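The values are calculated or read from the model by the stated rules, or taken from the named source; none is laboratory data. Just so it is clear, the model here is predicted, and its values are computed rather than measured. No Cβ is skipped: glycine too gets one built from the backbone with ideal geometry, and neighbour counts run over all protein chains shown. Please note that ligands, DNA and RNA were not included when accessible areas were found on the heavy atoms of the full protein model with its side chains. Shrake-Rupley method; radii C 1.70, N 1.55, O 1.52, S 1.80 Å.
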Amino acid sequence: MTRPYAPGEREGPSGYRPFGGAAPLEVGPPPERPTFWTRALGDPPSRYGERIRWRGDEAWRFFDPTRSKLAAALCRGLPETPFTPGEDVLYLGASTGTTVSHVADLVGPEGRVFAVELSPRVLPRLLLLAREYPNVHPILADVRAPASYFGDIPQVSVIYQDVSQPEQLAIAQENARLFLRSGGWILLALKRASLFGKAAERGPDVGLGLGFRVAYRTGLEPFHREHAFLAFRYGEEILPGAKGAEPGRSRPRARAWKRAGR
Ligand SMILES: C[S@@+](CC[C@H](N)C(=O)[O-])C[C@H]1O[C@@H](n2cnc3c(N)ncnc32)[C@H](O)[C@@H]1O
């Protein structure tokens, strides 16, 4: 994970500031609520009609919180993202690639996004995205049967899941078991009613089971009604009571997560 931007540390032209160290992610100046932007990897830069802001040759794409649950989670205070240049990501429930395209911006040309989608209806748009974004690898498959794409995907650092399936926890667990490296992250967007009722906001007792730890959770209102967003850390070394229980989380960073968590 990259470090969140500390106010006053560095400020770009017109008040746009880096958010998350090495990743091409910026946060715009308030007036009302923060806006997030990713530097476009593809050309033409606009993928779904989103606003584009130019700085010299660089195109920055508005990361629309009403279109993407990841952008909504950032607006709701997600303190950092695990998407850094060069990382491999398994994306479950890619749809037409709206959020996939921003994740692809963040991991950059050295990273890869393996984008799994069930519906052949949306696949053409995902394939179109992959033409402009060579780091996006569309896979037509059912995420409930990860064995079907086992040979196509390496060990990844992050799993992002947004599938609105009743068995979404089991899906995350099984995909993590097969593809997520120890110490990796699972970001989960879920409809509150679908499985947990309201429990997603109850506390860290809501989880994926042994080896997973909730690092952050939030509701996504007003952008996505009745949705919650959870970030889990995964791995042997974060089993409760294990030595070095939170790898890579320095005290200041742990404090930042605590402050941001609700
Ligand atoms: C809410 S949409 C995803 C939106 C997308 N994550 C974004 O932000 O741009 C959910 C997607 O999951 C897909 N989906 C649902 N069940 C699935 C399954 N079992 N395997 C793969 N994809 C699935 C749906 O076809 C749909 O495109």
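Each principal axis of the Cα cloud of segment 13-63 was evaluated for its coordinate range; sorted largest first, these ranges are 28, 23, 18 Å. Taking every protein chain into account, the accessible area of segment 13-63 amounts to 50 square angstrom per residue (probe 1.4 Å). Applying Stokes-Einstein at 37 °C and 0.692 mPa s to the Kirkwood radius of segment 64-116, computed over alpha-carbon pairs, gives a translational diffusion coefficient of 290 µm² s⁻¹. Using a probe radius of 1.4 angstrom, the carbon and sulfur fraction of the accessible surface of segment 13-63 is 52%.
For the peptides 173-179, 49-55, 212-218, the ranking by mean Cβ contacts within 10 Å, running from highest to lowest, is 212-218, 173-179, 49-55.
On alpha carbon coordinates alone, what is the Rg over Rh value for segment 97-177, Rh being the Kirkwood radius? Could the numbers behind the result be given before it?
Working: Rg = 12.4 Å, Rh = 13.2 Å.
Radius of gyration relative to Kirkwood radius: 0.94.
A cut-off under 10 angstrom between Cβ atoms defines the neighbours of A23, and their net charge, with Lys, Arg +1 and Asp, Glu -1, is -3.
Principal axis analysis of the Cα atoms in segment 51-201 yields extents of 46, 36, 34 Å, listed in decreasing size. Among residues other than E174 with Cβ under 11 Å from its Cβ, the summed charge is +1 (Lys and Arg +1, Asp and Glu -1).
Could you tally the net charge around W37, taking each other residue with its Cβ under 12 Å from the Cβ of W37, Lys/Arg +1 and Asp/Glu -1?
+1
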